[in-house]
Amino acid sequence: MSETLIKAENISKKFCLDLKTSLWYGLKDIGSEMIGKKNQFHDVLREKEFWAVKDISFEVKRGECLGLIGRNGAGKSTLLKILNGIIKPDEGRIEMHGRVGALIELGAGFNPILTGRENIFNNAAVLGFTKEETQQKLQSIIDFSEITDFIDTPVQNYSSGMKVRLGFAVAAQMEPDILLIDEVLAVGDMGFVLKCFNKMDQLLNNTALIFVSHSMPQVSRICTELIVLGKGEAIYQSNEVSKGISIYYEKFPQLAGNVTGTGQAEIKSIYLTSGEKDSRNLTSLEIEHGDELTVHLNIKFNEELQSPSVGLMFYDKEQRNFGEVFNFKDEIVLDKVKGSYSFTAHFKEIQMGQGVFSITVGLTDFTGGTRKSIFRMQSVIYFRVTSAKHGWAPMQFTPEWKIENEQ
Amino acid sequence: MKITIYTPESSVRSPRKLIKDMFTDLSHSHELAWRLSVRDINAQYRQSKLGILWAFIMPLATTVTWIFLNMSGIISVKSTDIPYPLYVFSGTLIWSIFMDSLLAPLNQTNAAKSMLSKINFPREAIILSAFYQLLFNSGIKMLMLVIAVIIMGFSAGWMLLLFPFALLILILTGISIGLFLTPIGMLYNDIGRAISLGMQFVMYVSPVVFPIPISGWVRIPFMYNPITPLIMIARQCLTGYSGNFLPGFVIVSFSMLIVLFFSWMIYRITMPVIIERMSA
């Protein structure tokens, strides 16, 4: 079960920046397509053109999933359209073996005035089902979509999530050899997304999958190989998916987040140290998994505060708050403070996996038994953890293992 | 297992495969085309109280206008061999069938834009679906015409049986010309506008509201207009003999088949180029 189903060799595609020029080139292309002359413009850029996809090659076997990630406009969707045969490549060659199913748009062919039931038939016909096949699968489609109650309501009254449900339910009935998925699971509630993933896992056994997504947890969950696209080129291509995801994240600038606060206190400085390394002398602090880390914090209390408490929150690149420090009050007691204070928090062993993390600092005060937020600085400082091993989860624990032979 | 290969090369370079693929896809697109026409016809009438009546209101309004113009003496139309109201009514209905056919490929392709740019299905289905819808709409108009001539006592008798065939040729001619213009029309919307404007003039040199002049220079565009024999033959099947247009009809029919085939081929070959420019 490991035959190669998709074989793409040096795919390139160019696009035009300007609409008027683009249409004019389109007219010329129509001409040269019809005469069938070897288009001398295929491999050179004409004025105002750029490579939307440049020199991409890969193979996908049955049971494998290739992830395509990259920033908006990196060429992911264009590549999918070429693979699906909707537009032609300007260079290269693609071989697709077997039936191709594409989840590029869910619910294609829906007419808003018609009912959900009627639109199941419309959508199924567009996807290549016969009427008999659809009739047979109708009940399982309705069941999968979980919108039995509204199936005879016009689709224009559906929420966007419901339309996606219905669209996916129809598409899930395909039994393709090759499946192309583009960002379709973005809508839909949590329960449905999970359901879709289970369905995709099922399909994956028998298909070669190409998955375009901006959701790294989804990518890491399903992909066996990854291409990171940047300006149409493959800047990373390997089966080490986690490493590719880190590279993707590096393409985004690290931004200090918003600051909210009452002005009763402010952070004068924050920096990190680890052994000899000091974030004040570096553009970015890099530590190894397992290294120590110290957070240095200088806070100025502009007004007298009753009993303030400092909180540190750790965020990963997905802006998930995966860890926090909650023992400040156990260690330090502040009573009616004013002026500047320096704090340090020492972590003996950093257990984060590979990646970039940020620290958010918050200050709360307890006055008269009520908790009040004084300030909160989102992602005020970043640091990078390196590791010989790659793991997707933000925390990578290294417990001591023991083995006993019971005999 | 089916192997599909995509390369930059134009498919015109392997014509035998191209023609084979065209007919395979056409035969595979019937089911989808049927579904799409059912969808569009359903949707068209579900949000309407008058429904099918709209198919008659337009030609009726035109007929009444022309009868009024003729009676008031603003425009004097030379005598026609059937009563003028019937002449105008049949003319405008037949003309509306032709106009619908002419515009259908471009309109249907435009309407399916988002589907075309995202899903790979046989592109023939769009045109076939347009054809099915035209058959449905024209069928209603045809019935109306037949009933009208029978009631008014000007029926052509057994010739009425040929009327559907004459209309079919008219529809296919409209589609052929429309399909030929669709690829460029998809890129530049000037084409769509130009068709609508141009056809207004063509209507006045077709036997729609005026009979063909017996003499004078105006007769020339009437006689060279390829739509003239189609309309004349259609009307002849409806109301009886009105001149010898059969040779013209046969010539136009055969040329139409050739145009249709090449327009289809062009449509198919250029579709990826057009979709690319639409989504770019």
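Just a yes or no: is a residue in the stretch A:102-120 out of contact with any strand residue (DSSP E or B) (no Cβ under 6 Å at 6 or more places or on another chain), open to solvent by less than 10 Å² (accessible area, probe 1.4 Å), facing chain B (nearest Cβ under 8 Å) and of a type in the set (Val, Ile, Thr)? Scanning the stretch A:102-120 turns up no residue that is out of contact with any strand residue (DSSP E or B) (no Cβ under 6 Å at 6 or more places or on another chain), open to solvent by less than 10 Å² (accessible area, probe 1.4 Å), facing chain B (nearest Cβ under 8 Å) and of a type in the set (Val, Ile, Thr). Among the residues of the stretch B:162-201, what is the count of those that are under 14 Å from B:Leu106 (Cα atoms), among the hydroxyl-bearing types (Ser, Thr, Tyr) and in a helix (DSSP H, G or I)? Within the stretch B:162-201, residues that are under 14 Å from B:Leu106 (Cα atoms), among the hydroxyl-bearing types (Ser, Thr, Tyr) and in a helix (DSSP H, G or I) number 3.
Among the residues making up the stretch A:126-146, those that are modelled with pLDDT under 90 and open to solvent by less than 20 Å² (accessible area, probe 1.4 Å) are A:Val126, A:Phe129, A:Ser145.
Of A:Thr273, A:Thr294, A:Thr224, all but one fail to be open to solvent by less than 70 Å² (accessible area, probe 1.4 Å) and under 30 Å from A:Leu103 (Cα atoms); the exception is A:Thr224. Checking the stretch A:121-138 against the condition returns a match, with at least one residue being of a type in the set (Lys, Arg), in a helix (DSSP H, G or I), within 14 Å of another protein chain (Cβ to nearest Cβ) and over 30 Å from A:Gly75 (Cα atoms). Of the listed requirements (1) farther than 30 Å from B:Ile214 by Cα; (2) surrounded by 22 or more Cβ atoms within 10 Å (Cβ to Cβ); (3) away from chain A (no Cβ under 14 Å), B:Glu124 misses just one: (3). Exactly one residue out of A:Gly63, A:Gly85 is facing chain B (nearest Cβ under 8 Å) and more than 24 Å from A:His214 (Cβ to Cβ): that is A:Gly85.
Take B:Val208 and tell me if it is assigned to a helix (DSSP H, G or I) and either among the β-branched types (Val, Ile, Thr) or modelled with pLDDT under 90 (or both). No.
The residues of the stretch A:394-403 that are more than 14 Å from A:Ile350 (Cβ to Cβ) and either open to solvent by less than 100 Å² (accessible area, probe 1.4 Å) or touching a residue at least 24 places away in the same chain (Cβ under 8 Å) (or both) amount to a single one, A:Pro399. If you go through the stretch A:85-99 one residue at a time, do you hit one that is within 15 Å of A:Leu179 (Cα to Cα), acidic (Asp, Glu), at pLDDT 90 or above and in a loop (DSSP other than H, G, I, E, B)? No, that holds for no residue. Of the residues making up the stretch B:39-61, just one is over 30 Å from B:Leu128 (Cβ atoms) and open to solvent by less than 60 Å² (accessible area, probe 1.4 Å), namely B:Ala61. Kindly evaluate A:Gly85 against the criterion of being out of contact with any Gly (no Cβ under 9 Å at 6 or more places or on another chain), open to solvent by 10 Å² or more (accessible area, probe 1.4 Å) and on the phi > 0 side of the Ramachandran plot. For A:Gly85, the condition - out of contact with any Gly (no Cβ under 9 Å at 6 or more places or on another chain), open to solvent by 10 Å² or more (accessible area, probe 1.4 Å) and on the phi > 0 side of the Ramachandran plot - is met.
Can you find a residue that is within 30 Å of A:Lys20 (Cα to Cα), within 14 Å of chain A (Cβ to nearest Cβ) and either in contact (Cβ under 8 Å) with a residue 60 or more places away in the chain or open to solvent by less than 10 Å² (accessible area, probe 1.4 Å) (or both) anywhere in the stretch B:96-105? Within the stretch B:96-105, not a single residue is within 30 Å of A:Lys20 (Cα to Cα), within 14 Å of chain A (Cβ to nearest Cβ) and either in contact (Cβ under 8 Å) with a residue 60 or more places away in the chain or open to solvent by less than 10 Å² (accessible area, probe 1.4 Å) (or both).
If you scan the stretch A:278-291, which residues turn out to be open to solvent by 80 Å² or more (accessible area, probe 1.4 Å) and either within 28 Å of the chain's Cα centre (by Cα) or modelled with pLDDT of 90 or more (or both)? A:Thr283, A:Glu286, A:Glu288 - these are the residues of the stretch A:278-291 that are open to solvent by 80 Å² or more (accessible area, probe 1.4 Å) and either within 28 Å of the chain's Cα centre (by Cα) or modelled with pLDDT of 90 or more (or both). Under the condition of being facing chain B (nearest Cβ under 9 Å), buried (at least 16 other Cβ atoms within 10 Å of the Cβ) and of a type in the set (A, V, I, L, M, F, W, C), the residues counted in the stretch A:28-55 number 3.
Those helices (runs of 4 or more DSSP H) of the stretch B:217-280 in which at least 2 residues are within 14 Å of chain A (Cβ to nearest Cβ) and more than 19 Å from the chain's Cα centre (by Cα), considering only elements entirely within it, cover B:246-279. The set of residues in the stretch B:238-268 that are farther than 16 Å from B:Ile175 by Cα and either among the charged types (D, E, K, R) or open to solvent by less than 10 Å² (accessible area, probe 1.4 Å) (or both) contains only B:Leu238.
The values are calculated or read from the model by the stated rules, or taken from the named source; none is laboratory data. Bear in mind that the values here come from a model prediction, so they are computed numbers and not experimental data. Cβ atoms come from the backbone with ideal geometry, glycine included; neighbour counts cover every protein chain shown. When the accessible area is computed, the model is the full protein with side chains, heavy atoms only, and any ligands, DNA or RNA have been set aside. Shrake-Rupley method; radii C 1.70, N 1.55, O 1.52, S 1.80 Å.
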